[in-house]
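Values in this text are rule-based calculations from the coordinates and carry no lab data. Keep in mind it's a predicted model, so treat the numbers as computed, not measured. Note that we place each Cβ from the backbone using ideal geometry, even for glycine, and neighbour counts take in every protein chain shown.
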Amino acid sequence: MPPTAAVADAPPLSAGAGAYSRATHPRLVVVASVGCVALLLLLAIVLRNDGHFAYTLDAAYTHLALSEQIAQGHYGINPDEPASPSSSILYPFLLAALAPLPLGQFAPLLICLMATVAAALLGYGVIREAGIEIERLSDAQLALLTIAVTLAFNLVGLAFAGLEHSLHVTFTLASLLGLLRFIRRGEADWWWLASIALMPLLRFEAVAALAADMFVLIAFGKWRHALVVGLVGASGVAAFMFFLHWLGLPWLPSSVLSRSEVASTGVGMGSNGLLALPHAVYRTLRSNLVAYGGTLITLMMLVSAWGLARDMGQPNPPGRGRGQGQGQGWGRAAAVGFFVVIALAQLLGGSLGSFSRYEIYVLALGGCAIVVAWQPEVNAALRKADWPGCLATSFALVFLFSGYLFRTLDATAGSGNVYDQQYQLSRFVTGYWQQPYATNHPGRVNWRNPHYMLDYSGLASEEARRNLADPTGAPVDWVEQLARRHEIALAMLYDVAGPAAPASWSPVARLRLRGRVITAVGSTITFYATQPESIPDIMSALQRFAPSLPRGAEFDLQWAAQGHLHDAAVRHQAPQPGMSGVL
């Protein structure tokens with residue numbers, strides 16, 4: 001049984017250490033460094049979008065729309081139509097709690113930036129708890145390394161997505177810090193136990209972290225603690241699943257079922273067969289391992305395990321004082337094991353797509369685990385820290401994780417995609433069309449929109465999700481049937497996303513992005529009239545709206561080239577002089 005007695009703190013820095021400049025206010029330096037990166041990115045986004053703010057992913061607005069419905073006692077996007085578009089249990093309710101405050105669309109940004117700063121401080125806490133002599137760096141050196149880590153792991157860029165992933169990073173690092181403190185002191189901090197129990201309510205894949213922490217608690221004889229956090233976490237998830245079932249929805253949210261093959265296969269295992277789930281896990285693992293993030297996660301697991309295994313069996317490994325080796329050894333083993341369990345869970349059942357937001361918590365945890373595992377070598381480097389070494393380390397971090405650096409740099413263009421496309425759709429529907437509409441991707445278009453939205457993606461419409469999930473059992477004309485039932489005259493569909501528009505619908509115009517596609521589903525959205533008699537109304541609204549488009553978007557008229565359109569409708573909406581077919 002591992003020891004539970006408290007272990008002495010790491011020895012202080014040598015009083016005669018005049019060869020280096022200590023960090024005078026390290027936590028303040030960490031916060032200021034992260035804040036500077038966030039401020040620069042915010043300014044870049046606002047300047048890019050003509051003074052408007054937009055998240056890099058439009059999913060944040062779906063959370064906001066759901067939270068507003070929750071505040072009114074309904075769970076879904078459209079009133080009186082249950083739906084589960086959020087992958088997080090807790091996050092929409094947290095946004096709903098902030099609804100009375102005049103924050104508008106900035107509520108998610110406030111939460112995510114606070115979570116990012118907290119995550120940076122928790123990472124610093126993990127380093128100090130592991131006995132890393134970080135104070136040997138000067139304030140300027142610490143600031144440079146903090147900025148390098150922030151960019152390498154896309155921590156600030158993740159915050160500007162406005163989703164629960166920044167909180168996931170924070171709670172994951174809180175769990176690691178609490179774990180190290182527990183092993184060193186033998187006492188479980190209340191905030192550690194709370195973070196363990198709440199993590200599955202933030203993200204379903206955090207069940208792996210809950211299981212790992214429970215195992216540690218049991219190994220150290222804390223059966224009651226393990227039972228309590230396990231019951232709280234599991235009962236919260238179970239209660240939400242039963243809530244969805246009571247609403248007539250699947251046991252898991254639509255977003256989880258649509259993005260995780262393992263989850264969707266597991267829910268339908270009774271009809272898919274016993275071998276369907278292992279096959280889904282294999283396909284997911286194979287896909288993740290060849291992805292950029294999967295390769296990095298695998299490399300980090302190997303490096304952290306190597307750091308743990310290189311001196312196994314040594315009673316007092318080099319770099320540790322007498323009396324520290326055993327306690328620190330257990331802490332190192334726990335940190336690496338915690339990371340490996342969570343990394344494997346993400347690779348086996350999770351996703352690494354959608355603008356690299358799902359795996360950031362794994363990368364942040366892996367970075368901390370590597371530092372903990374290689375503590376003697378890290379301290380040896382810090383004892384002779386100089387500017388060439390600091391610059392080389394920062395460059396190596398940014399270069400190795402350059403893909404995530406570019407995610408941060410692309411955040412401005414990603415926000416521009418949302419502003420030029422989804423925000424313009426929202427303006428058109430609320431200010432010009434002002435009637436029910438259909439789309440195949442919710443987002444900014446459905447937030448604070450009083451008009452009914454028929455969502456063909458299935459996130460906001462359970463009937464559409466079922467038809468998409470079972471195309472062989474769905475009516476051939478289910479797309480058209482739903483439009484007629486909800487009296488939809490206008491459908492705005494991404495060309496690259498399903499379902500396909502029925503042949504009876506008339507393409508009227510196309511909204512096209514001028515710049516690169518970063519986070520948008522596609523570069524073009526086609527406007528369809530579901531019946532010929534609605535063409536004049538759609539064209540009238542488009543002509544009034546088109547002059548207000550930003551420079552990043554344009555309308556192409558499609559209706560004039562369609563021979564099957566009514567001549568009367570074409571004559572009624574002939575282009576104005578000088579428009580040349582482009583609105």
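Restricting to Cα pairs below 8 Å that are 6+ residues apart, what does the relative contact order work out to for the chain? Please round to a whole percent. RCO, the chain: 17 percent. Using every pair of distinct Cα positions in the stretch 137-227, the Kirkwood expression returns a hydrodynamic radius of 14.6 angstrom. Label positions at residue 50 and residue 540, each projected 7 Å from the Cα along the C-beta direction, are separated by 2.5 nm. For residue 185 and residue 354, the difference between the fully extended length at 0.36 nm per residue and the C-alpha to C-alpha distance is 56.8 nm. Kirkwood radius, the stretch 55-95, all distinct C-alpha pairs, inverse of mean reciprocal distance: 10.1 Å. Residues whose amide H comes within less than 5 Å of that of residue 137, counting only those at least five positions distant or on another chain, are 23 (H built at 1.01 Å from N in the peptide plane). Taking a point 7 Å out from the Cα of residue 380 in the direction of its Cβ, the residues of the stretch 129-147 whose backbone N falls within less than 16 Å of it are 132-133. For a quick check of your reading of the filter: which GluC sites (Glu not before Pro) in the stretch 444-523 sit in a DSSP loop and have no more than 13 other Cβ atoms within 10 Å? Sites meeting the loop and neighbour criteria: 487.
Estimate the FRET efficiency between residue 40 and residue 292 by the formula 1/(1 + (r/R0)^6), using the beta-carbon distance for r and 22 Å for R0, to the nearest 0.05. Calculated transfer efficiency: 0.35.
When only alpha carbons of the stretch 326-389 are considered, Rg and Dmax amount to 14.9, 43 Å. Whole-Hz Karplus values for the stretch 89-99 come out as 6, 7, 4, x, 5, 5, 5, 5, 5, 8, 4 Hz, taken residue by residue from phi with 6.51 cos²θ - 1.76 cosθ + 1.60 and θ = phi - 60°; glycine and proline positions read x. Taking a Cβ cut-off of under 12 Å around residue 468, the surrounding Lys, Arg, Asp and Glu residues balance to a net charge of -2, with basic ones at +1 and acidic ones at -1. Assuming a ≥ b ≥ c are the square roots of the Cα gyration tensor eigenvalues, decide whether the stretch 356-396 counts as rounded (a/c under 1.5), prolate (otherwise, with a/b larger than b/c) or oblate. Cα axes put the stretch 356-396 in the oblate bin. Once you keep just the Cα pairs under 8 angstrom separated by 6 or more residues, what percentage relative contact order results for the stretch 412-572? Relative contact order for the stretch 412-572 comes out at 24 percent. A cut-off under 13 angstrom between Cβ atoms defines the neighbours of residue 547, and their net charge, with Lys, Arg +1 and Asp, Glu -1, is +2. Across the stretch 412-572, Cα-Cα pairs more than 22 Å apart make up 40 percent of the total. In sequence order, the stretch 200-207 has phi-based couplings of x, 6, 7, 9, 5, 5, 6, 4 Hz under the Karplus curve 6.51 cos²θ - 1.76 cosθ + 1.60, θ = phi - 60°, and Gly or Pro positions carry x.
Only DSSP H runs of four or more residues enter the estimate; each adds -39500 (n - 2.57), and after division by the residues of the chain the mean residue ellipticity at 222 nm equals -17500 deg cm²/dmol.
Placing dummy labels 7 Å off each Cα toward the beta-carbon, the span from residue 140 to residue 496 is 4.5 nm. Here the stretch 434-482 and the stretch 90-112 have alpha carbon centers that stand 26 Å from each other. Here the calculated FRET efficiency for residue 239 and residue 302, from their Cβ-Cβ distance with R0 = 35 Å, stands at 0.35, rounded to the nearest 0.05.
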